[in-house]
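Taking it in order: structure first as structure tokens, then the write-up.
Please treat every number below as a calculation from the coordinates, not as lab data. In this text, all values refer to a predicted model and were calculated from it rather than measured experimentally. FYI the Cβ positions are ideal-geometry reconstructions off the backbone, even for glycines, and counts take in every protein chain you see.
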Amino acid sequence: MNQEAKLRAKMANDFWHSYQNSPSIKSSFPQVQEIILNLNFNYDESYRKKLKKTLNPNDKAFFQIECINKDCVYGGFNLSSEVRGMISKKVTEYNGHQTCNGYQDFERYKAKDYHCLCKLNYEIEIKYQDGE
């Protein structure tokens, strides 16, 4: 296995391990009925992707999103602080954006140069249990 393959295997394993060790939404946020993530990615002005994720109480409280640039190294987006902040204040809707800070590809990772810069515009909607 070459260096790049080893690194990508480690990244995938770390992501999966973080996901597996995340508690459920129900145990972390019992007042939450549903979390909806509307994700709009834009990479290099030529590649766009829309994704909608609906999370229910039995789903993991895991809000890390992988970068859509398949060559990106150590990138992605983490919406954990946004979701947790919304829940602590009982906010139902929030919009924002993030830029991937990973490296554009393996060669740029080795050189520690040229970040990915994929952009994510997101909308988060949280529905709370009745009476909350």
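The table that follows gives values for the structure above.
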item	result
Unique residue being under 27 Å from Phe29 (Cα atoms) and of a type outside the set (Val, Ile, Thr) when the list is Glu45, Glu93	Glu93
Tally of residues being surrounded by 15 or more Cβ atoms within 10 Å (Cβ to Cβ) and part of a loop (DSSP other than H, G, I, E, B) across the range 1-44	2
Residue identified as over 16 Å from the mean Cα position of the chain (by Cα) and surrounded by 13 or more Cβ atoms within 10 Å (Cβ to Cβ) among Ile68, Ile87, Ile124	Ile87
